Amino acid sequence: MDSDDELRGASDSEIIYISSDGESSGGVGGAYGSGEEESDCGRDDYEVREEVASMREKRYVILTEKDIHERQEEGIRRVSSVFSIPRGSACILLRQYKWNISKLSDEWFADEERVRNSVGLPANGVIRPDCQKLTCGICFDGYSPSELSSASCGHFYCHECWEGYISASINDGAGCLALRCPEPSCTAMVLEETINRLAKDEDKVKYKQLLLHSYIEDSRKIKWCPAPDCTCAVEFLGDENYDVSCMCRFSFCWNCTEETHRPVSCETVSKWILKNSAESENVNWIIANSKPCPKCKKPIEKNQGCMHMTCRPPCNFQFCWLCLGPWSEHGSTTTGGNYACNRYESAKKQGIYDEAEAQRERAKNSLVRYTHYYERWASNQTSRQKAQADMQKFESENLAKLSDVLGIPETQLKFIPEAWSQIVECRRVLKWTYAYGYYLDDEAKSEFFVYLQGEAESGLERLHKCAEKDIHEFLPKADKTKLPSLQDFSEFRVKLAGLTSVTRTYFENLVQALEAGLEDVRGAGQSTSKRRSNDNAGANCKKPSARGRPGRNKAARTSR
C-alpha cells in the first residue's frame with residue numbers, strides 16, 4: 001500500500017510549485033502566463049496521469065452487494081469452522097462483535113463462557129418438555145410441542161406469536177439483529193434459522209438486507225456510497241482523509257461523505273451547507289429589507305412609493321418609513337413632504353442611529369457579501385452539471401460520429417473526453433473556492449486569493465469554450481458539405497490538449513496553495529517587511545556611490 005508521501009511524490013512531477021519570492025518557474029499565479037506553448041502533451045503525459053490515478057485507486061476498493069455478501073459469508077464460515085459452532089451462532093457472534101473476527105477470537109478463546117453469556121448464546125440445545133400440551137407464553141393458549149418454538153432457552157411460544165413478534169422487530173429496523181427471547185428476563189438470542197423458519201417471506205428479505213447492511217455500518221473502514229440509488233460500498237485502505245470515486249462516478253470525501261470538496265476542509269463544508277439551508281439568511285433579509293410597524297411590530301417591506309406607510313388591517317397605523325414616527329406629525333412643510341423626512345436627515349447628520357438601524361445596516365452588508373459568494377458557488381455548480389451532461393452526450397453520441405467523419409479511431413480521440421473530465425473537476429474546485437473565500441478573514445490573503453481565483457476562472461473559461469464550441473466545427477451537420485481537414489483538427493487537438501494540461505497544472509497548484517492556507521502570502525509579507533526595515537536602517541548610513549550602474553540599482557528597487 002502506498003503512503004500519502006509516496007503518492008504525492010508520484011504526482012509532483014506534474015506540479016509547478018509557488019515560491020515565496022515569486023520567482024518560480026510557473027506557480028499558481030503564472031501557470032497561464034506561458035499561454036499555450038506546452039500544448040502538445042502527447043501520450044507520455046497521458047500515461048503519467050493514468051499511472052498516478054492507478055496508484056491512487058489502490059487506496060480504496062469498490063464493493064458491490066455481491067462482494068459484501070461473499071465477504072460476510074466467508075467470515076461466518078470461518079468462525080463456524082474454527083469455533084466448531086453452528087452457522088447461526090457464528091453469525092450472532094460476529095454481529096455482536098461488529099464483524100471483527102480478531103477481537104472475537106481473542107475473547108472467545110480467553111473465556112468462552114463469558115462471551116456466550118454476554119451475547120446470549122446458550123451452550124446447550126433446546127430440551128422440549130415431555131408432555132402432550134404446552135401453553136404459549138404470549139397468547140396463553142394450549143398447543144402441542146410441535147406447534148411451539150423456543151430461542152434455545154426453554155421459553156416456548158406458538159408460531160403465530162413468534163411471527164408477529166419477529167415482524168414487529170424487523171419493521172422497527174436494525175434492532176432485530178439483536179433480537180432476544182420475548183421473555184423479559186431472558187437474554188437468549190434469536191438465531192437466524194429461527195427467523196427463516198418462522199417469519200413471513202417479506203420479513204425474511206428485510207432481515208437479510210439489514211444483516212448485509214450491518215457489515216458495512218459496523219465497520220470503520222467501509223462506507224456506503226452516498227450517491228442516490230447507488231448500492232455500492234467503498235473500503236478505504238489508507239489512514240488519512242482522501243477523496244474516493246465510486247463505480248457510479250460519484251466522488252466524495254471519505255471523512256464527511258459529502259461530495260468531494262477540496263480545497264476546503266470538512267468543517268468549512270459543514271458550515272457552508274448549514275448556512276445555505278438554515279433560516280439565518282431569511283432572517284437577515286427580513287432585517288435588511290423590512291421595518292417593524294411601530295404599533296403592532298409586524299415586519300413591513302417597502303418596495304415602491306413614498307414614505308407614507310399604512311399598516312394592514314386591523315392595525316391601520318400610519319407612519320413615516322424613515323423615522324417610524326406617526327404620520328400625523330408629518331407634512332409637506334414640517335418634515336419635508338412625502339418623499340423626505342427632515343427628522344431622519346437631521347438625526348443622520350448628527351450621527352444619531354438607534355440599534356435597530358445599525359443592525360439593519362450590518363444585516364444588509366452581511367447579506368450582500370453572502371449573496372455574492374453564494375451566487376457564484378451555485379453558478380459553478382450549475383455549470384458543472386451542464387458539463388457532466390455534455391461529456392456524457394459526447395461520449396455516447398458525438399465521439400463515434402467524429403471518428404467516422406475524420407477516419408480516426410476513437411482511442412485517438414481520448415483527449416476530448418479527458419478535457420471534459422478536467423472541466424467538470426475544475427468547476428467543482430472553483431465552486432468550493434467561493435466557500436473558502438467567504439470564510440477567509442485575512443485581508444492580505446484575501447487579495448491574493450481573489451487574484452488566484454480570477455486567473456483560475458479565466459483559464460477554465462478558455463478550456464470550456466474550446467471543448468464546448470470549437471469542437472462543433474468538426475462535428476457533422478446537415479447543412480455542412482465540406483469535410484474538416486485533418487490539419488485543422490490536428491491544430492484543434494494541440495490547442496485543446498494544451499489547455500487541458502495547463503489548466504490541470506494550475507488547478508492542482510491552486511488546491512495545494514489553498515490547502516496550505518496561502519502560507520506563501522505571509523512569508524512574502526514578512527520578507528517584504530524585513531527588506532523595508534533594512535532599507536530604512538541603511539538610509540541612515542552613508543550610501544555607496546552608484547555611479548556607472550544606475551540601471552541595475554533602479555531595477556533592484558523596482559523588483560521590491
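For a quick check of your reading: which strands (runs of 3 or more DSSP E) sit entirely within region 199-282 and have at least 1 residues that are of a type in the set (Phe, Trp, Tyr)? It comes to 222-224, 233-236, 251-253. Scanning region 143-184 for residues that are in contact with a Lys or Arg (Cβ under 6 Å, 6 or more places away or on another chain) and touching a residue at least 60 places away in the same chain (Cβ under 8 Å) yields one hit, Leu177. Being touching a residue at least 24 places away in the same chain (Cβ under 8 Å) and charged (D, E, K, R) is the filter here, so list the residues in region 90-107 that pass it. Scanning region 90-107 gives Arg95, Lys98.
With respect to Asp441, is the statement that it is outside any helix (DSSP H, G or I) and at pLDDT below 90 true? When the stated conditions are applied, Asp441 passes them.
Look at (1) within 26 Å of Glu70 (Cα to Cα); (2) open to solvent by less than 50 Å² (accessible area, probe 1.4 Å) and you find that Phe156 fails only one, number (1).
Here the condition is being surrounded by fewer than 18 Cβ atoms within 10 Å (Cβ to Cβ) and closer than 14 Å to Tyr60 by Cβ; of Leu274, Leu237, Leu212, it holds for Leu237 alone.
Working only within region 405-428, note down all residues that are of a type in the set (D, E, K, R) and either crowded, with 19+ Cβ neighbours inside 10 Å or in contact (Cβ under 8 Å) with a residue 60 or more places away in the chain (or both). Selection gives Lys414, Glu418, Glu425, Arg427, Arg428. If you filter region 240-265 down to residues that are charged (D, E, K, R) and open to solvent by 60 Å² or more (accessible area, probe 1.4 Å), you find that the one that is modelled with the lowest pLDDT is Glu240. Selection of region 359-379 for residues being farther than 30 Å from Arg428 by Cα and at pLDDT 70 or above yields Glu361, Arg362.
Residues in region 218-230 that are out of contact with any Leu (no Cβ under 8 Å at 6 or more places or on another chain) and surrounded by 14 or more Cβ atoms within 10 Å (Cβ to Cβ) were compared, and the one that is farthest from Trp99 (Cα to Cα) is Ala227. Would region 72-89 turn up any residue that is within 24 Å of Ser150 (Cα to Cα), of a type in the set (Asp, Glu) and free of Cβ contacts under 8 Å to residues at least 40 places away in the same chain? So far as region 72-89 goes, no, none of its residues is within 24 Å of Ser150 (Cα to Cα), of a type in the set (Asp, Glu) and free of Cβ contacts under 8 Å to residues at least 40 places away in the same chain. Regarding Ser150, is this residue modelled with pLDDT of 90 or more and among the small types (Gly, Ala, Ser)? Against the criterion (modelled with pLDDT of 90 or more and among the small types (Gly, Ala, Ser)), Ser150 does not qualify.
Condition check for Arg197 on (1) loosely packed, with under 15 Cβ neighbours inside 10 Å; (2) more than 30 Å from Arg384 (Cβ to Cβ); (3) without any contact (Cβ under 8 Å) to a residue 24 or more places away in the chain: one failure, at (3).
Scoring Glu395 on the criteria (1) within 24 Å of Phe492 (Cβ to Cβ); (2) among the charged types (D, E, K, R); (3) open to solvent by less than 40 Å² (accessible area, probe 1.4 Å) leaves a single failure, condition (3). Here are some residues: Glu461, Glu519, Glu473. Which one is within 19 Å of Leu413 (Cβ to Cβ) and either open to solvent by 50 Å² or more (accessible area, probe 1.4 Å) or modelled with pLDDT under 70 (or both)? None of the others qualify; the one that does is Glu473.
The values are calculated or read from the model by the stated rules, or taken from the named source; none is laboratory data. Predicted model only: the values in this text are computed from it and were never measured. Cβ: placed from backbone, ideal geometry, glycine included. Neighbour counts: every protein chain shown. Areas reflect the complete protein model, heavy atoms only, side chains present, ligands, DNA and RNA absent. Shrake-Rupley method; radii C 1.70, N 1.55, O 1.52, S 1.80 Å.
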